[in-house]
Amino acid sequence: MTHHWGYVGAVASAVLFGLGATFNKIVLTTVPPIVVAGIVYLFAGIALSIVRFSPLRRRVMRLLSTPTKTDKKFCRKDALVLALIVISGSTIAPFLFLNGLNQTTAINTSLLQNAESLFTVLIAVLFLKEKAGKKEWLGITFLIVGAVFLTTNGQFNQLTLTQSLIGNTLVIAACLFWGIDNNLSKFLCLKEDIILITALKCLIGGTVLLFVAHIIGSQLVVPINTLPYLLTVGALSIGFSILFFMLGLREIGSIRTGIIFSTSSLFGALFAFAILRENFTVIQAISGLIMLFGVYILYRKSPAHVAKSCELDS
């Protein structure tokens, strides 16, 4: 059990997040986007806190355990990193994204969301000095091309990138902050109490988002029939999705984990087809196969003896 667990974690994270995208579509018909974001992050934090302080902790920790050595100590520097993660990925990014979504088209947003993977890779290569060989770049190319065609369904003629400049810029900026979040999380992925770290990130982020929603005048009233969806998204698609994402970071690094996470768009489309009966076209099916082939290339690239890229230089 070496780098294989990293790929299991990254794919599991993408599957759970894709499920959340489908359930969010149901809730967003009656609840403002920023309120949905705040509530699901808050529910994620509560669910993880329950796991952390209950007998379930041991079972979950065994599930997340890998041969990679973890660090028990949580120092002041780690607290600073956690604060930056909350600010960038759980507060600024969702706020920018939701405001951008209101000022641009859905197809523009779907295409531009793929910038998160690109920012994750660029930051990892330029600032964290992670290495990517030719075969890895080939796998990354397959995943990004597949994601672009999957999320747009090949309807590039409907893109209005120059007409919705402000909204598009906000979406791209959100992706930048999510890319920063993904790479900062690498500094905490080796901590033993990863459940508590993730719970704090979600609790603080959700609280801040709901406070911002109150400030800007959004209605905080949530219909009772949406609670099951919000609870499911919070606990699974945010809480455990982030946990599995951290597992991926620990074992295979920011580049592979961030890129593989882009398959969440594929799983989101499949769940939307199965649950919401939305169309799943031939173009999307082919794009999904291209993305899965990209994951296979990345997986075959990593030898079992490769040093864990999540280990930081001393």
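If one puts a single equal scatterer on every Cα of the stretch 98-245 and applies the Debye formula without solvent, what log₁₀ I(q)/I(0) results at q = 0.11 Å⁻¹?
-0.58
Got a number for the accessible area of Tyr229? Probe 1.4 Å, square angstrom, nearest 10.
Estimated to the nearest 10 Å², Tyr229 gives 80 Å².
Probe radius 1.4 Å, ligands and nucleic acids left out: which of Lys77, Lys201 has the largest accessible area, and how do the rest follow?
Order by accessible area, largest first: Lys77, Lys201.
Cα extents of the stretch 162-311 along the three principal axes, largest first, in whole Å?
Largest to smallest, the principal-axis extents are 53, 43, 37 Å.
Could you work out the equivalent-ellipsoid semi-axes for the stretch 168-257, taking the square root of 5 times each eigenvalue of the Cα gyration tensor, largest first, in whole Å?
For the stretch 168-257, the ellipsoid semi-axes come out as 26, 18, 12 Å.
Given only helices, namely DSSP H runs of n ≥ 4 each adding -39500 (n - 2.57), what is the per-residue ellipticity at 222 nm of the chain, to the nearest 500 deg cm²/dmol?
Value at 222 nm, helices only, nearest 500: -22000 deg cm²/dmol.
Starting from the alpha-carbon convex hull of the stretch 31-82, give the projected area averaged over all orientations, in nm².
So the mean shadow area of the Cα hull is 5.5 nm².
In the neighborhood of Val208, defined by Cβ-to-Cβ distances under 15 Å, what is the net charge if each Lys or Arg adds +1 and each Asp or Glu adds -1?
0
Give the Cα extents of the stretch 8-102 along the principal axes, in whole Å, largest first.
Rounded to whole Å, the extents work out to 44, 28, 25 Å.
Cα centroid distance between the stretch 224-243 and the stretch 38-53, in Å?
One Cα centre to the other: 9 Å.
What is the sum of charges, Lys and Arg at +1 and Asp and Glu at -1, for the other residues whose Cβ falls under 14 Å from the Cβ of Ile92?
-1
Out of Ala132, Ala12, Ala37, any idea which swings most in a Gaussian network model of the chain, alpha carbons joined below 10 Å?
Taking springs between Cα atoms under 10 Å, the residue moving most is Ala132.
In the chain, if the dipole is taken from +1 on Lys/Arg beta carbons and -1 on Asp/Glu beta carbons about the Cα centre, which of Thr70, Leu292, Ser262 is farthest to the positive end?
Result: Thr70, furthest along the dipole toward the positive end.
For the stretch 177-264, with only Lys/Arg (+1) and Asp/Glu (-1) charged at the beta-carbon, what is the dipole magnitude about the Cα centre, in debye rounded to 20?
Computed about the Cα centre, the dipole is about 120 debye.
What does the charge count near Ile46 come to, summing +1 for each Lys or Arg and -1 for each Asp or Glu among other residues with Cβ under 14 Å from its Cβ?
In short, +2.
Considering every pair of different Cα atoms, what Kirkwood radius, in Å, is found for the chain?
Taking every pair of different Cα atoms in the chain, averaging 1/r and inverting gives 19.6 Å.
So for the chain, taking the charge dipole from beta-carbon charges (+1 Lys/Arg, -1 Asp/Glu), which of Val35, Phe245, Thr104 sits furthest toward the positive end?
Selected residue: Phe245.
Roughly how many nanometres apart are two label points built 7 Å out from the Cα toward the Cβ at Ile275 and Ile215?
Taking the two extended label points, one gets 3.1 nm.
Only Lys, Arg, Asp and Glu count, each charged at its Cβ (+1, +1, -1, -1), so figure out the dipole size of the chain about its Cα centre, rounded to 20 debye.
Using only the charged Cβ atoms, the result is roughly 840 debye.
Step through the table entries Lys72/Lys201; Lys73/Lys131; Lys73/Lys201; Lys77/Lys131; Lys135/Lys191, compare each Cα-Cα distance with 21 Å, and write down the pairs that go over it.
Correct reply: Lys73/Lys131; Lys77/Lys131; Lys135/Lys191.
Please list, by residue number, every one of the chymotrypsin sites (Phe, Trp or Tyr not before Pro) in the stretch 61-154 that is coil in DSSP and has at most 16 other beta-carbon atoms within 10 Å.
Counting only loop positions with at most 16 other Cβ atoms within 10 Å, the chymotrypsin sites (Phe, Trp or Tyr not before Pro) in the stretch 61-154 are Phe74, Phe127.
GNM, the chain, Cα, under 10 Å: largest mean-square fluctuation among Arg57, Arg300, Arg76?
The residue that fluctuates most here is Arg76.
Which of these, Val15, Val221, Val35, has the largest mean-square fluctuation under a Gaussian network model of the chain (Cα springs below 10 Å)?
Val221
The values are calculated or read from the model by the stated rules, or taken from the named source; none is laboratory data. As the structure is a computational prediction, the values presented were derived from the model and not from experiment. Ideal geometry is used to build each Cβ from the backbone, glycine not excepted, and the neighbour counts take in all protein chains shown. Areas reflect the complete protein model, heavy atoms only, side chains present, ligands, DNA and RNA absent. Shrake-Rupley method; radii C 1.70, N 1.55, O 1.52, S 1.80 Å.
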